[in-house]
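Here's the structure, in structure tokens; my notes come after.
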Amino acid sequence: MQRILLADFQVSMSHSARPDLSASLADRLTVERAVSDLRRSTPVILTEAGQTWLVISAEAATAGAMVELIPDGAPLTLVLTANRAEALGLAIVEEPGALVARRLRAPSEAGLADPTHPAGSGAPGSMPLTIDVPLPAVADAAIRLMKAGQLLPSALLVPLAGPIDGLISLPRALVLDATLQGQPRLRRLSDARVPLTGAEKTRVVSFRDQVTGIDHLALLIGDPLSQDAPLVRLHSSCITGDLLGSLRCDCGEQLRGAIVTMNEAGGGILLYLQQEGRGIGIVNKLRAYALQDGGMDTVDANTTLGFENDERDFSLAAEMLRQLDVPAIRLLTNNPRKVGHLAGFGIEVRERVQHAFPGNPHNRRYLAAKASKAGHLLPAEDESAR
């Protein structure tokens, strides 16, 4: 009951009626709340140009959650990314970031968004989504919210006559502005000494994303802030590799190897970004693993789920470095795209430092896909071993 009352407050109160909050803070809180609600399978409402839409994540629609909110006889529109639509054989869209809309007969058909769901695992071209409908005006904002919540990038949209009590409502423009890459949105929170294996002189600084609510960490190893261009690694979280010791990737080796390398170099900064599975989240990464077990490589699995090859937001890393007052770095990476991303966000990368480890029978195909499809620069000996 308390959650609904808070939502009612957020829906009914205008910005002008919130004298204790700045407009920008109120906007961020609203978007963060919308992302949180969607992750809990609670729909949200998006508005644009006098139109109102109920937005349900594809995952919630397949589970039947909150579907009772859909008015009887209301048209159901499933919004898919071009990558997912192409995997289904519904459309071939060459425009990057394009979206596709199809009419559904029932909410359960939203399972087409998930290739690991029975509804979405059929052969391309065999799907019942044959009715092409105009893309709803709020479709792009709906997909932005799904990605911010690390949900499948697909949404069930239903037109409404007006808002629904208890559900948060926000305009399309607000979502697009708040989720735009490169906008400052991190708040530095805590700083503590945390001795690590391989680097006993380490401090950990935490940052919170004011849009998604996700926390990111900066590991300051040794004395990097006294260096002109410290060694830096952007490490995306990997629960399976970093914590569980999975052999399907090289993430755990890269994490522990970076800590030792920085310690031996007299200092460095490891930015631990909560962007699992190249930004798709742990649940979707496990879905991608299931597709890989069926024969796909890591890149094709992500795109079949509807994502881009890499969904990470490296502007967050650049903002962390700026808040740490580190304008120039030496980047510990095999991925030259990270160099370009950081440079684009105002960080000078003076050198790219190789950071590769030998493969094993479980991850050689994964490493080969990173080299051939994602442009990672791996040593020739590793490529020949695969």
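The values are calculated or read from the model by the stated rules, or taken from the named source; none is laboratory data. Computed from a prediction, not measured in an experiment: that's the story for all the values here. Here the Cβ is made from the backbone with ideal geometry for all residues, glycine too, and neighbour counts use every protein chain on show. For the accessible areas, the whole protein counts, side chains as well, though only heavy atoms, and no ligand, DNA or RNA atoms are used. Shrake-Rupley method; radii C 1.70, N 1.55, O 1.52, S 1.80 Å.
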### Task
Among the candidates 324, 331, single out the residue that is within 23 Å of residue 210 (Cα to Cα) and in contact with a helix residue (DSSP H, G or I) (Cβ under 9 Å, 6 or more places away or on another chain).
324
### Query
How many residues are modelled with pLDDT of 85 or more and either over 18 Å from the mean Cα position of the chain (by Cα) or over 17 Å from residue 41 (Cα atoms) (or both) if we restrict to the range 80-118?
26
### Extreme residue, nearest to residue 214 (Cα to Cα), among residues of the range 25-41 that are open to solvent by 40 Å² or more (accessible area, probe 1.4 Å), within 15 Å of the chain's Cα centre (by Cα) and not hydroxyl-bearing (Ser, Thr, Tyr)
32
### Query
Can we say residue 270 is within 22 Å of residue 155 (Cα to Cα), touching a residue at least 24 places away in the same chain (Cβ under 8 Å) and crowded, with 23+ Cβ neighbours inside 10 Å?
no
### Hits in the range 128-184 - residues which are more than 24 Å from residue 283 (Cβ to Cβ) and small (Gly, Ala, Ser)
137, 161, 162, 166, 169, 173, 182
### Task
Filter the range 250-267 down to the residues that are of a type outside the set (Gly, Ala, Ser) and open to solvent by less than 10 Å² (accessible area, probe 1.4 Å), then identify the one that is farthest from residue 303 (Cα to Cα).
262
### Query
Can you name the strands (runs of 3 or more DSSP E) wholly within the range 108-212 that have at least 3 residues being in contact (Cβ under 8 Å) with a residue 40 or more places away in the chain?
154-160, 169-171, 202-209
### Query
So which residues in the range 217-264 are outside any helix (DSSP H, G or I), under 21 Å from residue 337 (Cα atoms) and not hydrophobic (A, V, I, L, M, F, W, C)?
230, 233, 235, 236, 237, 250
### Message
Against the condition modelled with pLDDT of 85 or more, among the hydroxyl-bearing types (Ser, Thr, Tyr) and in a loop (DSSP other than H, G, I, E, B), how does residue 47 come out, does it pass?
### Response
no
